[in-house]
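Okay, so here's the structure we're looking at.
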Amino acid sequence: MGIVDEVGGGVTLLKKGDRVVMPFNVACGRCINCEEGRSAFCTVVNPGFAGGAYGYVAMGPYPGGQAEYVRVPFADFNALVLPPGTEHEEDFALLADIFPTGWHGVQLSVSSNVRSPEISLYSRFWDDAQGFRPGESVVVFGAGPVGLMAAYSAIIRGASDIFVVDRVPERLQKAKEIGATPIDFSASDPVEQILKLRGGKEVDRGVDAVGYQAVTSDGKTEQPNVVLESLIRVVRPTGGLGVPGLYVPSDPGAPDSAAAKGYISFPFGKLFEKGLSLGTGQCNVKAYNRYLRDLIIAGRAKPSFVVSHNLTLDAAVEAYEKFDKRIDGYTKVLLHP
Ligand SMILES: NC(=O)c1ccc[n+]([C@@H]2O[C@H](COP(=O)([O-])OP(=O)(O)OC[C@H]3O[C@@H](n4cnc5c(N)ncnc54)[C@H](O)[C@@H]3O)[C@@H](O)[C@H]2O)c1
């Protein structure tokens, strides 16, 4: 997020001085995926890989956004203009990634198994129009920035029961503060805890906001399949799983040789038996950021509750280390260049 300092010759919609926020995705705005609103999978900006992003390993030649200046390709398409001034700075900064990504996690968890008009007019209307039915129950694995935003989005979208699973006390506390039920997976099996709280009933939807770096209950060992496995157990038959959590095509540091090749073993037979839907992938930030901006302006969303620290760019290295170790309450850090 920043102020436009200079515009290139191909830019017509922006001017010097505009306050803007950029999706973490870099997208061309003209390919088939961009035209259909799937800007995370732009086929142009990063040939050979589905999509581009600033400063992230395989996602193209675009230097990161944590700097005094950033060059924005296809700026008319990518930049979202914000109201001038400094109001809502912390909230708007989260439009670059985690607020839309949390929203996307909930959106991805839509069940594609109840769309048929013969089954119910109600389900057809709500699934097609909104991708989420008010009153549905949701579990979110991971109470990092993305998981907390997914839980917050589910609340805004009218979810009934919202569970957030993690083992970091400060993060579980934030989940509690927004009205979700925190589930500490270091205490016992999170699926058993949720089923017990719901009198044996599974939940309608599940969001994986952890990804391949999921750990076992002692927090010491990576086990990339543990969250997917739990979601398949805890979501009701014909429910949906949304997976914004990152899974990578290869991971040299993975705990076993299959995971190193990006292969994850999970009970596909159970997923099939239950008729579960599975939605995955990077967030199409542009599909949501305009509307989420307007929720912020209208005072109906305040995602900055997740921000734990505001720091200068020089403090970034130390902050990353602490965030990585999840110590000293480093939940979400905003850097001010
Ligand atoms: N799809 C997208 O567009 C997109 C965008 C941003 C981030 N991401 C991905 O989303 C994921 C979450 O991002 P974040 O910034 O919130 O990360 P984070 O690392 O801060 O949060 C992950 C949380 O998961 C918890 N966790 C670990 N193992 C767990 C388990 N077995 N059960 C429940 N919780 C467990 C950790 O304690 C941690 O709090 C990452 O994989 C990130 O790369 C995806």
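Restricting the stretch 158-202 to residues that are part of a strand (DSSP E or B) and either among the acidic types (Asp, Glu) or in contact with a Phe, Trp or Tyr (Cβ under 7 Å, 6 or more places away or on another chain) (or both) leaves a set whose member that is surrounded by the most Cβ atoms within 10 Å (Cβ to Cβ) is VAL165.
Per this entry, ARG198 is counted among residues that are of a type in the set (Lys, Arg) and in contact with an Asp or Glu (Cβ under 8 Å, 6 or more places away or on another chain). Checked against (1) of a type in the set (A, V, I, L, M, F, W, C); (2) within 16 Å of the ligand (Cβ to nearest atom); (3) part of a helix (DSSP H, G or I); (4) surrounded by fewer than 22 Cβ atoms within 10 Å (Cβ to Cβ), PHE49 passes all but a single condition, namely (3). Restrict the check to the stretch 157-179 and report whether at least one residue is under 22 Å from LEU108 (Cβ atoms), in contact (Cβ under 8 Å) with a residue 60 or more places away in the chain and away from the ligand (no atom under 14 Å from the Cβ). Yes - at least one qualifying residue is present in the stretch 157-179.
Count of the stretch 107-156 residues, restricted to those that are more than 20 Å from LEU95 (Cβ to Cβ), more than 16 Å from the ligand (Cβ to nearest atom) and either modelled with pLDDT of 65 or more or aromatic (Phe, Trp, Tyr) (or both), is 11.
Whenever a residue of the stretch 53-67 is in a strand (DSSP E or B) and modelled with pLDDT of 90 or more, its partners that are of a type in the set (Val, Ile, Thr) and surrounded by 14 or more Cβ atoms within 10 Å (Cβ to Cβ), lying with C-beta atoms within less than 8 angstrom and at least six residues away or across chains, give the pairs ALA53/VAL26. If I filter the stretch 319-337 for residues that are in contact (Cβ under 8 Å) with a residue 60 or more places away in the chain and among the hydrophobic types (A, V, I, L, M, F, W, C), do I get at least one hit? Yes; the residues of the stretch 319-337 include at least one that is in contact (Cβ under 8 Å) with a residue 60 or more places away in the chain and among the hydrophobic types (A, V, I, L, M, F, W, C). When residues in the stretch 1-30 are screened for being touching a Leu at 6+ places or on another chain (Cβ under 9 Å) and not in a strand (DSSP E or B), 6 of them pass.
The stretch 210-326 holds helices (runs of 4 or more DSSP H) entirely within its bounds, and those carrying 1 or more residues that are in contact with a Leu (Cβ under 9 Å, 6 or more places away or on another chain) map to 226-234, 268-273, 285-297, 316-325. Taking the numbered list (1) under 19 Å from GLY281 (Cβ atoms); (2) within 16 Å of the ligand (Cβ to nearest atom); (3) surrounded by fewer than 20 Cβ atoms within 10 Å (Cβ to Cβ) in turn, CYS28 passes all entries but (2). Within the stretch 31-46, track down each residue that is touching a residue at least 40 places away in the same chain (Cβ under 8 Å) and either touching an Asp or Glu at 6+ places or on another chain (Cβ under 8 Å) or outside any helix (DSSP H, G or I) (or both). Correct list: GLY37, ARG38.
Considering only residues of the stretch 267-282 that are surrounded by fewer than 16 Cβ atoms within 10 Å (Cβ to Cβ) and in contact (Cβ under 8 Å) with a residue 40 or more places away in the chain, which is nearest to TYR56 (Cα to Cα)? Here the residue is THR280.
The values are calculated or read from the model by the stated rules, or taken from the named source; none is laboratory data. Predicted model only: the values in this text are computed from it and were never measured. Heads up, the Cβs are rebuilt from the backbone with ideal geometry, glycines too, and the neighbour counts pull from every protein chain shown.
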